Amino acid sequence: MAINQDHDAFCGCTVIHEDIVRNVKIGLTEQTQLVKMAELFKAMSDPTRLKIVNALMLSEMCVCDIAFLLKMTGPAVSHHLKTLRQCQLIKYRKDGKIVYYSLDDAHIAPLFKQGYEHVSEK
C-alpha cells in the first residue's frame, strides 16, 4: 500500500511551542537581507549565468571569450553579465579597450560548489 507522504508531512499538533517560536524569531534574518538573498538566488537560477560563473571560477575572461565558449552572441552574454554584476557576483576591470570579468569575491565559488555538491548527492 502506498504511503501518502504529503499527508505524513502535515503537523497534527495544535500546541504552540512558545519557547521555540520565541528563540527562532530572535534568530531570523532581517527582511532586507532576505530580499537581497532572493535576488542573489534569482540571478543564479539561470543555467547560462551559472555557466558564466563556472567559467569565471576557472579564469578571468572577456565578453568575446565567454561568448565563444558558450556559443552565444556578445550582447546576450553582456545581458547576463549585467545581471551578475548587479548582484555583486562578478566584477570587471579594463585593460585598454578590453574588459575582463572575474568573480567578485571569495564567497562566490563556494556558493557554486555547495549548490553543485547538493544536486550531486543522490
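Each value in this text was obtained by applying a stated rule to the coordinates, not by laboratory testing. The structure presented is a predicted model; accordingly, all values stated were derived computationally and were not measured. Here the Cβ positions follow ideal geometry from the backbone for every residue, glycine too, while neighbour counts run over all protein chains shown.
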Mean ellipticity per residue at 222 nm, deg cm²/dmol - from DSSP H runs of n ≥ 4 across the chain, formula -39500 (n - 2.57): -18000 deg cm²/dmol
Karplus-derived HN-Hα couplings along the range 98-113 (A = 6.51, B = -1.76, C = 1.60, θ = phi - 60°), whole Hz, x at Gly and Pro: 8, 10, 9, 10, 8, 5, 5, 7, 6, 7, 6, 4, x, 4, 4, 5
Mean Cα-pair separation over length for the range 30-120, i.e. relative contact order, pairs under 8 Å, 6 or more apart, %: 29 percent
Residue-by-residue Karplus 3J(HN,Hα) for the range 41-51, coefficients 6.51, -1.76, 1.60, Hz, glycine and proline x: 5, 5, 5, 8, 7, 9, x, 5, 5, 5, 4
Spatial extent of the range 30-120: Rg and Dmax, with the Cα atoms as the point set, Å: 13.3, 42
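Of the cross-linked pairs 51/71; 82/122; 51/91, which ones have a Cα-Cα span greater than 22 Å in the structure shown? Mind dumping the intermediate values first?
Numbers: 51/71 12 Å; 82/122 33 Å; 51/91 16 Å.
Beyond 22 Å between Cα atoms: 82/122.
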Cα convex hull volume per residue for the range 17-71 (Å³): 116 Å³
FRET efficiency, 1/(1 + (r/R0)^6) with R0 30 Å, evaluated for residue 35 and residue 69 via beta carbons: 0.40
